[in-house]
Amino acid sequence: PDDPGRFSGIPKRATKGVIVVANWNKATEIFTNQAKGHGGGLLFKLLPPDSVVKVLKVGKDVNCIVVKNVHGGESSIYISTVQSFRRDVQQVESSSWDWIHIDEPCPEAMWVGLSRGLMDNNGKAWFTCTPIAEPWINAWFLPHKLLRKQLPSDQVHYFGDKAVCVGSTLDNAYLSSSGVAAFSAAIPEDERA
């Protein structure tokens with residue numbers, strides 16, 4: 001609370017953002033599970049309980065969490081899935097976003113549709129993913145012919161208006177060295193990278 005950078009970069013108004021995940025099961029598992037303790041989703045673990053104004057659902061799936069904004073008003077955190085996009089490509093059109101978080105690869109057409117919504121408020125986006133299934137992501141972030149494995153993982157790399165942080169399994173402080181060793185020993189050497 002005493003850190004002067006605590007709210008740095010947060011707009012001084014309510015925001016509207018979307019988190020993109022593979023499917024509704026992953027959305028629940030990673031972000032929106034309201035269970036207490038270990039099984040809870042990240043949003044409900046990280047958001048102060050008194051900041052959650054309401055949780056909106058479509059069927060059994062949480063598709064929006066409305067929270068009190070630190071500067072006043074209410075911000076909205078939407079969930080969108082690649083699974084839903086494949087059923088209805090128009091679902092990503094005509095929305096205005098302050099931010100987009102791509103949490104695992106999505107089809108390029110989904111990104112293009114969503115990112116149009118960033119123009120209204122000069123919104124920002126970040127990708128946290130291993131883009132094996134969607135190679136367009138590597139090509140979009142990295143200059144031509146520069147491979148991700150050529151970048152050191154101990155720094156941020158800037159290419160125009162994009163910043164790239166490369167990480168490895170070994171950078172993940174939540175993994176045990178014995179767990180990483182057991183996993184690595186069980187897969188073919190060419191897959192380990």
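Determine whether Trp136 is surrounded by fewer than 18 Cβ atoms within 10 Å (Cβ to Cβ), under 22 Å from Tyr158 (Cβ atoms) and of a type in the set (Phe, Trp, Tyr). Spelling it out, Trp136 is indeed surrounded by fewer than 18 Cβ atoms within 10 Å (Cβ to Cβ), under 22 Å from Tyr158 (Cβ atoms) and of a type in the set (Phe, Trp, Tyr).
Across segment 177-184, not a single residue is classified as in contact with a Leu (Cβ under 9 Å, 6 or more places away or on another chain) and at pLDDT below 85.
Listed here are the residues, each with its yes/no results for (1) of a type in the set (Val, Ile, Thr); (2) modelled with pLDDT under 90.
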| residue | (1), (2) |
| --- | --- |
| Ser84 | no, no |
| Ser94 | no, yes |
| Ile100 | yes, no |
| Pro135 | no, yes |
| Asn138 | no, yes |
| Phe141 | no, yes |
| Leu147 | no, yes |
| Ser153 | no, yes |
| Ala163 | no, yes |
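For every residue, the table says whether it meets (1) of a type in the set (D, E, K, R); (2) closer than 29 Å to Val18 by Cβ; (3) touching a Phe, Trp or Tyr at 6+ places or on another chain (Cβ under 6 Å).
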| residue | (1), (2), (3) |
| --- | --- |
| Pro107 | no, yes, no |
| Gly113 | no, yes, no |
| Thr128 | no, yes, no |
| Glu134 | yes, yes, no |
| Trp140 | no, yes, no |
| Ala163 | no, yes, no |
| Gly167 | no, yes, no |
| Leu175 | no, yes, no |
| Val180 | no, no, no |
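In this structure, is Thr28 without any contact (Cβ under 8 Å) to a residue 40 or more places away in the chain and in contact with a Gly (Cβ under 9 Å, 6 or more places away or on another chain)? Yes: the conditions hold for Thr28. Among the criteria (1) in contact (Cβ under 8 Å) with a residue 40 or more places away in the chain; (2) over 22 Å from Trp24 (Cα atoms); (3) of a type in the set (D, E, K, R), the one Arg116 does not fulfil is (1).
The set of residues in segment 15-58 being in a loop (DSSP other than H, G, I, E, B) and open to solvent by 40 Å² or more (accessible area, probe 1.4 Å) consists of Ala22, Asn23, Asn33, Gln34, Ala35, Lys36, Pro48.
Taking the criterion of being more than 23 Å from Ala163 (Cβ to Cβ) and in contact (Cβ under 8 Å) with a residue 24 or more places away in the chain, would at least one residue in segment 125-134 satisfy it? Within segment 125-134, none of the residues are more than 23 Å from Ala163 (Cβ to Cβ) and in contact (Cβ under 8 Å) with a residue 24 or more places away in the chain. Name the residues in segment 120-133 that are crowded, with 17+ Cβ neighbours inside 10 Å and either farther than 29 Å from Thr169 by Cβ or of a type in the set (Phe, Trp, Tyr) (or both), would you? Hits for segment 120-133 are Gly123, Phe127.
Assess whether Val66 counts as being more than 26 Å from Ile132 (Cβ to Cβ), surrounded by 14 or more Cβ atoms within 10 Å (Cβ to Cβ) and free of Cβ contacts under 8 Å to residues at least 60 places away in the same chain. It is true that Val66 is more than 26 Å from Ile132 (Cβ to Cβ), surrounded by 14 or more Cβ atoms within 10 Å (Cβ to Cβ) and free of Cβ contacts under 8 Å to residues at least 60 places away in the same chain. His157 is checked against (1) free of Cβ contacts under 8 Å to residues at least 12 places away in the same chain; (2) out of contact with any strand residue (DSSP E or B) (no Cβ under 8 Å at 6 or more places or on another chain) and fails just one. What number does that condition carry? Condition not satisfied by His157: (2). Any idea which residue in segment 74-119 is most open to solvent (accessible area, probe 1.4 Å), counting only those that are of a type in the set (Val, Ile, Thr) and either touching a Pro at 6+ places or on another chain (Cβ under 7 Å) or within 20 Å of Ala139 (Cβ to Cβ) (or both)? Among those that are of a type in the set (Val, Ile, Thr) and either touching a Pro at 6+ places or on another chain (Cβ under 7 Å) or within 20 Å of Ala139 (Cβ to Cβ) (or both), it is Val112. Do we have Lys36 as of a type outside the set (S, T, N, Q) and under 25 Å from Glu93 (Cβ atoms) here? The answer is no for Lys36. Restricting attention to segment 170-191, the residues that are of a type outside the set (Gly, Ala, Ser) and surrounded by 12 or more Cβ atoms within 10 Å (Cβ to Cβ) total 3.
The values are calculated or read from the model by the stated rules, or taken from the named source; none is laboratory data. This structure is a prediction, so every number in the text was calculated from the model and none was measured. Counting neighbours? That spans all protein chains shown, and the Cβs are built from the backbone with ideal geometry, glycine included. We work out accessible area using only protein heavy atoms, side chains counted, and drop any ligands, DNA or RNA first. Shrake-Rupley method; radii C 1.70, N 1.55, O 1.52, S 1.80 Å.
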